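Peer 1: Submitted below is the structure of interest, expressed as structure tokens.
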């Protein structure tokens, strides 16, 4: 029987394996800045690369052991979403995931783009900001979205490339949402992911929680934008809400006992509380 010290060592080793795999996936799939030198010019691309290097240096300098583990968990979850958002149809059967460049991850706060093919064959784009850390960091991310709506802005992606759309360049007016889960949920997902348990991942409750988090936010941001007379933003989040609602309802129909077979982790309720706070104090 293993003692607690041995269990902790095994846990840390497993975390490192998951983190190593996550970094490989991101390095493999992230959009590469050098692929845009012909579009933006080599000098401009080099400036953006230098910005990334500078920010990475500052992150590493400020990082302590607690933040380091949170960062590793965020990276793992980001990679699992990137792969299984599409592979396991977490965002529906007509969704494609695109890993953003490190520049857009840092500068624009967008970790992932999800493309949805609608019935009319047009694309809409959903930018996902991933957060698996502490609640006050989640709050600051939401505050940034609120501030952008007040300014009449949505997220922008400088380095965007879509094989489905066949376009390359800047992507504007992207509705941003925050996806948050607890660390223990990431560890559960990471373990399945490391062992290649794709069937278990395709059935995991997290896909329902993710969709419900997006539904909460798209409804809130749409109503908030309407109150601030930002009608274009209101329409964008309203459209997003409809897309996600259709996907969610289809999943519920295919899994009739869903309410009895999964529960949400605490991160979902943190998001709910933060949105209630914004509604009471900023609405």
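The values are calculated or read from the model by the stated rules, or taken from the named source; none is laboratory data. The model shown is predicted, which means the values in this text are computed figures rather than measured ones. All Cβ positions, even for glycine, are placed from backbone atoms using ideal geometry, and neighbour counts span all protein chains on display.
Peer 1: Can you spot a residue in region 152-173 that is in contact with a strand residue (DSSP E or B) (Cβ under 7 Å, 6 or more places away or on another chain) and at positive phi?
Peer 2: Among the residues of region 152-173, at least one is in contact with a strand residue (DSSP E or B) (Cβ under 7 Å, 6 or more places away or on another chain) and at positive phi, which makes the answer yes.
Peer 1: Pull up region 224-283, narrow it to residues that are modelled with pLDDT under 90 and part of a loop (DSSP other than H, G, I, E, B), then point me to the one that is farthest from residue 186 (Cα to Cα).
Peer 2: 283
Peer 1: Counting just the residues of region 200-235 that are within 17 Å of the chain's Cα centre (by Cα) and within 17 Å of residue 149 (Cα to Cα), which one comes out surrounded by the most Cβ atoms within 10 Å (Cβ to Cβ)?
Peer 2: 221
Peer 1: So for region 66-78 (the condition being touching a residue at least 40 places away in the same chain (Cβ under 8 Å), over 22 Å from the mean Cα position of the chain (by Cα), farther than 30 Å from residue 247 by Cα and assigned to a helix (DSSP H, G or I)), does at least one residue qualify?
Peer 2: no
Peer 1: I've got another one for you. Checking residue 179 against (1) in a helix (DSSP H, G or I); (2) touching a strand residue (DSSP E or B) at 6+ places or on another chain (Cβ under 7 Å), only one condition comes out false. Which one?
Peer 2: Of the numbered conditions (1) in a helix (DSSP H, G or I); (2) touching a strand residue (DSSP E or B) at 6+ places or on another chain (Cβ under 7 Å), the odd one out for residue 179 is (1).
Peer 1: Which residue out of 23, 27, 47 is modelled with pLDDT of 95 or more, within 22 Å of residue 206 (Cα to Cα), out of contact with any strand residue (DSSP E or B) (no Cβ under 8 Å at 6 or more places or on another chain) and assigned to a helix (DSSP H, G or I)?
Peer 2: The conditions single out 23.
Peer 1: Would you check which residues across region 124-146 are more than 22 Å from residue 98 (Cα to Cα) and at pLDDT 75 or above and list them?
Peer 2: Scanning region 124-146 gives 138, 139, 140, 142, 143, 144, 146.
Peer 1: Another one. Could you tell me which of the residues 104, 89, 35 is in contact (Cβ under 8 Å) with a residue 40 or more places away in the chain and farther than 25 Å from residue 183 by Cα?
Peer 2: Only one candidate passes the filter, namely 35.
Peer 1: Please indicate, with yes or no, whether at least one residue in region 36-44 is under 16 Å from the mean Cα position of the chain (by Cα) and at pLDDT 85 or above.
Peer 2: Looking for residues that are under 16 Å from the mean Cα position of the chain (by Cα) and at pLDDT 85 or above, one finds none in region 36-44, hence no.
Peer 1: In region 147-175, how many are assigned to a loop (DSSP other than H, G, I, E, B), at pLDDT 90 or above and surrounded by 13 or more Cβ atoms within 10 Å (Cβ to Cβ)?
Peer 2: Total meeting the criteria: 4.
Peer 1: Please go through region 1-44 and give me each residue that is surrounded by 15 or more Cβ atoms within 10 Å (Cβ to Cβ) and over 26 Å from residue 71 (Cα atoms), ordered by number.
Peer 2: Listed by number, the residues that qualify are 36, 40.
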